[in-house]
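Chemist: Could you have a look at this structure, given as structure tokens, before my questions?
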Protein chains: 2
Amino acid sequence: MTSALTIYTYDWVPSGKHGPRGYVRDIRLRWACEEAGLAYDVQSVPFKDRGPDHFAHQPFGQVPYLQDGDISIFESGACLLHLAKKSEALMPRDPKGEAETLEWTISALNSIEMVSVPWWFIGLSGADKNPLEQWMQSRLDRLHDVLATRDYLAADRFTVADIMMADALRVPKVLAATEKHPALRAYVDRILARPAFIKARADQIAHFAKAD
Amino acid sequence: MTSALTIYTYDWVPSGKHGPRGYVRDIRLRWACEEAGLAYDVQSVPFKDRGPDHFAHQPFGQVPYLQDGDISIFESGACLLHLAKKSEALMPRDPKGEAETLEWTISALNSIEMVSVPWWFIGLSGADKNPLEQWMQSRLDRLHDVLATRDYLAADRFTVADIMMADALRVPKVLAATEKHPALRAYVDRILARPAFIKARADQIAHFAKAD
């Protein structure tokens with residue numbers, strides 16, 4: 001069967017304790033499709049030799065990208081907002097709920113990941129002092145204030161903003177940085193308990209394992 | 001006159017060579033409104049004492065945020081995509097053009113700024129070696145490949161994606177890092193020559209100067 005929606009990810013990524021299996025960002029798109037009951041295929045592009053066709057669809061040579069009929073779209077955040085137009089399960093339809101979903105999806109990308117991803121990257125070097133540490137903690141503090149008073153980021157319900165934010169926070173080193181933020185941990189636990197995430201994660205791990 | 005749209009920014013920010021006047025992110029919203037001919041007011045919140053009302057609208061205590069009737073929305077990227085729904089001058093109306101505008105707006109936030117902003121921040125310390133240097137250059141290289149073949153990021157025309165990307169790239173230290181990327185510089189020059197940007201920048205500088 002061919003679905004209208006095809007998620008592109010790598011054919012293989014390293015496994016093991018620090019391998020990204022279970023964390024590659026195609027999981028965000030799988031998760032959204034599972035939440036909404038949208039039919040989708042998963043196709044592979046080579047991890048090791050990224051060719052011109054890959055860069056034509058994803059100019060930075062990353063994954064995922066999404067094919068929806070004749071539309072090709074990259075950036076997991078853009079793909080989530082694109083999918084959200086297809087199903088109310090991913091975003092409410094009233095203008096206020098839509099605006100909240102939009103602002104918190106972008107916030108996960110540009111207020112949290114803009115700090116947490118480079119913070120994580122610099123941390124890989126094992127240096128004693130991370131120049132982004134204070135910035136990272138202040139972002140987590142502010143987000144904690146928000147999540148101490150609500151179960152979901154936007155519109156009092158689950159939305160794609162929660163997919164984005166929970167996926168940004170569940171990165172093991174990032175999660176380890178939230179030891180003083182119990183409401184963040186409770187939020188991540190709550191969002192990751194959703195069956196659609198559990199299926200998406202298992203499917204991703206199985207996808208990469210096929211190529212071992 | 002009261003407009004439906006109110007852009008909130010600080011009442012004042014430092015001036016001088018390294019002051020952010022002309023670069024505070026409310027400029028993105030002013031610029032979009034100017035491009036689209038949307039009527040808007042600008043209101044101030046204190047730079048020095050950021051109170052609970054500010055955090056209620058912008059949980060990280062930053063600016064801008066936008067009030068649109070009873071909708072309050074933060075994150076400049078979210079505000080731009082929200083405004084883009086109001087005018088075809090900001091985003092085409094066909095699904096393919098809309099998807100391209102969305103992916104490149106998010107790309108400016110999560111593929112470029114996610115590297116360029118922390119790279120810039122770390123550079124402030126004056127350390128000899130920036131741990132994000134290689135990552136930064138590789139992102140600029142890839143973006144240069146794209147902009148070497150087109151005048152605008154999305155849909156063969158100006159969109160909010162160009163506001164976001166040109167504003168991310170025009171930061172002086174970032175622009176200085178593009179010396180091997182002539183197509184990036186030509187792109188920034190081309191986008192910044194637009195009258196709507198020139199007016200938005202002058203208006204922002206005048207706004208902060210009023211409080212000196």
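Here, each number is a calculation from the coordinates, and none is a lab measurement. It should be emphasised that the depicted structure is a prediction, and the values quoted were computed from it without experimental measurement. No Cβ is skipped: glycine too gets one built from the backbone with ideal geometry, and neighbour counts run over all protein chains shown.
Chemist: Would you mind ranking B:ASP162, B:ASP189, B:ASP203 by Cβ crowding within 10 Å, fewest neighbours first? Don't jump to the answer; show the numbers that get you there.
Modeler: Numbers: B:ASP162 28, B:ASP189 12, B:ASP203 15.
Least to most surrounded, the residues fall as B:ASP189, B:ASP203, B:ASP162.
Chemist: Rounded to the nearest Å, what's the spacing between the alpha carbon centres of segment A:41-87 and segment A:91-108? Just the number, please.
Modeler: Computed from Cα coordinates, the inter-centre distance equals 22 Å.
Chemist: Let me confirm one metric for peptide A:108-116, namely the mean number of other chain beta-carbon atoms within 10 Å of its residues' beta-carbons.
Modeler: Working: counts 2, 9, 11, 7, 1, 3, 8, 4, 1.
Mean partner shielding for this stretch: 5.
Chemist: Additional query: Straight-line reach only, C-alpha to C-alpha below 30 angstrom: list the lysines that B:LYS129 could link to, leaving out same-chain residues fewer than 8 apart.
Modeler: In chain and number order, the partners are A:LYS17, A:LYS48, A:LYS129, A:LYS173, B:LYS17, B:LYS173, B:LYS180.
Chemist: With just the Cα atoms defining each centre, how far is segment B:117-150 from segment A:110-184? Give it in Å.
Modeler: With segment B:117-150 and segment A:110-184 each reduced to a Cα centre, they are spaced 23 Å.
Chemist: Moving to a separate point now. When only C-alpha pairs under 8 Å and at least 6 residues apart count, what is the relative contact order of segment B:95-194, in percent?
Modeler: Values: 86 pairs, mean separation 35.4, N = 100.
RCO, segment B:95-194: 35 percent.
Chemist: Turning to a different aspect of this structure: Hey, if you drop one equal point scatterer on each alpha-carbon of segment A:95-193 and run the Debye formula without solvent, what base-10 log of I(q)/I(0) do you get at q = 0.20, 0.21, 0.22 Å⁻¹?
Modeler: For the requested q values the scattering log ratios are -0.96, -1.05, -1.14.
Chemist: Nm distances between the label at B:ALA39 and the same-position labels in the remaining copies, 7 Å along Cα→Cβ, shortest first?
Modeler: So the distances to the same position in the other copies read 5.0 nm.
Chemist: Which one of B:ASP70, B:ASP26, B:ASP11 has the biggest mean-square fluctuation once chain B is modelled by GNM with Cα springs under 10 Å?
Modeler: Among B:ASP70, B:ASP26, B:ASP11, the largest GNM mean-square fluctuation belongs to B:ASP70.
Chemist: In addition: Is there a simple number for the mean count of other chain Cβ atoms within 10 Å of the Cβ of residues in A:124-132, and what is it? Each step should come with its number before you reach the end.
Modeler: Details: counts 1, 1, 0, 1, 0, 0, 1, 10, 5.
Mean shielding by partner chains, rounded to a whole number: 2.
Chemist: Pull out a ≥ b ≥ c, the square roots of the eigenvalues of the alpha-carbon gyration tensor of the protein assembly as shown, then state rounded if a/c is under 1.5, prolate if not and a/b is larger than b/c, and oblate in the remaining case.
Modeler: Numbers: a/c = 1.33, a/b = 1.29, b/c = 1.03.
Taking the square roots of the gyration eigenvalues as a ≥ b ≥ c, the protein assembly as shown is rounded.
Chemist: So for the pair B:LEU175, A:ASP41, with labels modelled 7 Å out along Cα→Cβ, what separation do we get in nm?
Modeler: 4.7 nm
Chemist: Put a point 7 Å out from Cα along the line to Cβ at A:GLU179; what are the distances to that point in the other copies, in nm, shortest first?
Modeler: So the label point of A:GLU179 gives 4.4 nm to the other copies.
Chemist: How much mean residue ellipticity at 222 nm does chain B get from its helices, if each DSSP H run of length 4 or more adds -39500 (n - 2.57) and you divide by all residues, to the nearest 500 deg cm²/dmol?
Modeler: Taken over chain B, the calculation gives -15000 deg cm²/dmol.
Chemist: Based on C-alpha coordinates, I'd like the Rg and Dmax of chain B, in Å.
Modeler: 17.1, 52
Chemist: Projected onto the charge dipole of segment B:62-205 (+1 at Lys/Arg Cβ, -1 at Asp/Glu Cβ, origin at the Cα centre), which of B:ILE71, B:GLY123, B:MET91 gives the Cα projection farthest towards the positive end?
Modeler: Projecting each Cα onto the dipole axis, the largest value belongs to B:GLY123.
Chemist: Using a label point 7 angstrom from Cα along Cα-to-C-beta, what distances in nm, from shortest up, separate B:SER138 from the other copies?
Modeler: In ascending order, 2.9 nm.
Chemist: If you count, for each residue, the other Cβ atoms within 10 Å and average over each peptide, how do A:90-100, A:104-114 line up from highest to lowest?
Modeler: Numbers: A:90-100: 19.1, A:104-114: 25.7.
Listed from highest to lowest mean packing, they are A:104-114, A:90-100.
Chemist: Which FRET efficiency value, to the nearest 0.05, is calculated for A:ILE205 and B:ALA4 with the Förster distance at 56 angstrom and r the Cβ-Cβ distance? Please report the intermediate quantities before stating the final value.
Modeler: Details: r = 49 Å, r/R0 = 0.87.
For A:ILE205 and B:ALA4, the calculated efficiency is 0.70.
Chemist: Provide a whole-number value for the mean count of partner chain Cβ atoms within 10 Å of the Cβ atoms in peptide A:141-154.
Modeler: 1
Chemist: Please state the charge dipole magnitude for segment B:1-159, taken about the Cα centre, from unit charges on C-beta atoms (+1 on K and R, -1 on D and E), reported in debye and rounded to the nearest 20. Mind dumping the intermediate values first?
Modeler: Details: 16 positive and 22 negative charges, 64 e Å.
In debye, rounded to 20, segment B:1-159 gives about 300.
Chemist: Counting other beta carbons within 10 Å of each residue's own, what order do B:HIS57, B:HIS18 fall into, fewest first? Don't skip to the answer; put the middle values down first.
Modeler: Details: B:HIS57 18, B:HIS18 8.
By the 10 Å Cβ count, ascending, the order reads B:HIS18, B:HIS57.
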